[in-house]
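Chemist: My questions will all concern the structure given below.
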Amino acid sequence: MGSKWKLLILRDLLNGTKRYNELRRSLPEISQKVLTSTLKSMVSDGIVVRTAYPEVPPRVEYSLSSLGESMKPVIASMEQWGYHYKETLNK
């Protein structure tokens, strides 16, 4: 989970299954090449599941694996810390 993109992709997938273009729209600063390579890396790490449907046009969906789902409490803790940190800065 060393790159900022992996954490942001994980955040998006915590809300449910997403298609490639949904992820692309939610991260407008990421290049297509980086998104593709990051997703491949997360699939090979066992964090994300890639499901390809044999349709025309092809449809591919990404979702969290059970390992990825197990990171929910960690991400929730980071989110709470971020809110607390933001409040501290605003005081």
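Chemist: Heavy-atom accessible area per residue, segment 21-91, 1.4 Å probe: how many Å²? Before the final figure, lay out the partial values.
Modeler: Details: 5170 Å² over 71 residues.
Per-residue value: 73 Å².
Chemist: Going by average Cβ density within 10 Å per residue, which order do the peptides 56-67, 31-42 take, highest to lowest? Don't skip to the end; give the middle numbers.
Modeler: Details: 56-67: 12.4, 31-42: 14.6.
Averaged packing, sorted descending, gives the order 31-42, 56-67.
Chemist: Using the charge dipole of the chain (Lys, Arg: +1 at Cβ; Asp, Glu: -1 at Cβ; taken about the Cα centre), state which of 73, 47, 28 has its Cα farthest towards the positive end.
Modeler: 28
Chemist: Give 40/91; 18/91; 40/86; 4/91 a once-over and call out the pairs whose C-alpha atoms are over 31 Å from each other.
Modeler: Working: 40/91 42 Å; 18/91 37 Å; 40/86 33 Å; 4/91 27 Å.
Those over the limit are 40/91; 18/91; 40/86.
Chemist: Here's something else I'd like to know. If you put +1 on each Lys and Arg Cβ and -1 on each Asp and Glu Cβ, how big is the dipole of the chain around its Cα centre, in Debye rounded to 20? Spell out each step's value before the answer.
Modeler: On the way: 14 positive and 9 negative charges, 45 e Å.
I would put it at about 220 debye.
Chemist: Using 0.36 nm per residue of separation minus the Cα-Cα distance, give me the extension gain between residue 65 and residue 87 in nm, one decimal. Before the final figure, lay out the partial values.
Modeler: Details: separation 22, 0.36 × 22 = 7.92 nm, distance 3.32 nm.
Extending this stretch completely gives an extra 4.6 nm.
Chemist: So, in nm, how far is label residue 74 from label residue 33 when the simple model puts each one 7 Å beyond its Cα toward the Cβ?
Modeler: The answer from the label model is 2.9 nm.
The values are calculated or read from the model by the stated rules, or taken from the named source; none is laboratory data. Keep in mind that this is a model prediction, so the values were computed, not measured. Every residue, glycine as well, gets a Cβ built from its backbone with ideal geometry; the counts of neighbours run over all protein chains shown. What goes into the accessible areas is simple: the full protein's heavy atoms, side chains included, and nothing from ligands, DNA or RNA. Shrake-Rupley method; radii C 1.70, N 1.55, O 1.52, S 1.80 Å.
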